[in-house]
Structures are given as C-alpha cells and as structure tokens.
Amino acid sequence: MLIHKPVAEVFEAFINPDITTKFWFTHSTGKLAVGEKVEWTWQMYNVSVPVIVKEIEPNKKIVVQWGNYQHMSKIV
C-alpha cells in the first residue's frame, strides 16, 4: 500500500485515536505514549484488546504489544 501523505500526518494518525478510529478500531482508551497501556475495541466484533506501548520514535517507529495477556504479539 502506498500512502500519499506527509510522514508526520501518517504517524499522528496511528498514535491518535481520534483519527485511528476512522479507519482501524472503533474505540481506544487513549493516545499512544511510551509506557502507557490502552485498550482498543472493535465494537462490530465485540472484541477489545490491551495494548502496551513499548517504544515510540516520532515520525519513524511505533512498537506495541497487544492481544490477550497470555499471548501478547509485538507490532513494530
């Protein structure tokens, strides 16, 4: 997929739930920030997952762990 937007705008779209809820999940308990734990919800599927923010390098990298507590996946 090719995204025709400035890097800063795309980065903000992934860390800011006010934007992310328009294209990925339907609800989040907060904005992504290092050390924070938020919950993402997909209301249409009645599914919520915990998300732990491990690393953020502005405009370059977002690292989170998410899933259920027994089987957390890492997204880089």
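The values are calculated or read from the model by the stated rules, or taken from the named source; none is laboratory data. All values derive from a computational prediction rather than experimental measurement. Glycine gets a Cβ as well: all are built from the backbone with ideal geometry, and neighbour counts include every protein chain shown.
General observations
- Candidates I15, I19, filtered to the one that is surrounded by 11 or more Cβ atoms within 10 Å (Cβ to Cβ), aliphatic (A, V, I, L, M), more than 16 Å from I75 (Cβ to Cβ) and at pLDDT 95 or above: I19
- Those residues of the stretch 36-59 which are free of Cβ contacts under 8 Å to residues at least 12 places away in the same chain and over 18 Å from F25 (Cβ atoms), in sequence order: E57
- The number of residues in the stretch 1-45 that are in contact with a Lys or Arg (Cβ under 9 Å, 6 or more places away or on another chain) and among the charged types (D, E, K, R) comes to 1.
- Residue in the stretch 42-54 that is surrounded by fewer than 16 Cβ atoms within 10 Å (Cβ to Cβ), modelled with pLDDT under 95, on the phi > 0 side of the Ramachandran plot and not acidic (D, E) present: no
- Residues within the stretch 1-41 that are touching a Phe, Trp or Tyr at 6+ places or on another chain (Cβ under 7 Å) and within 16 Å of V64 (Cβ to Cβ), tallied: 5
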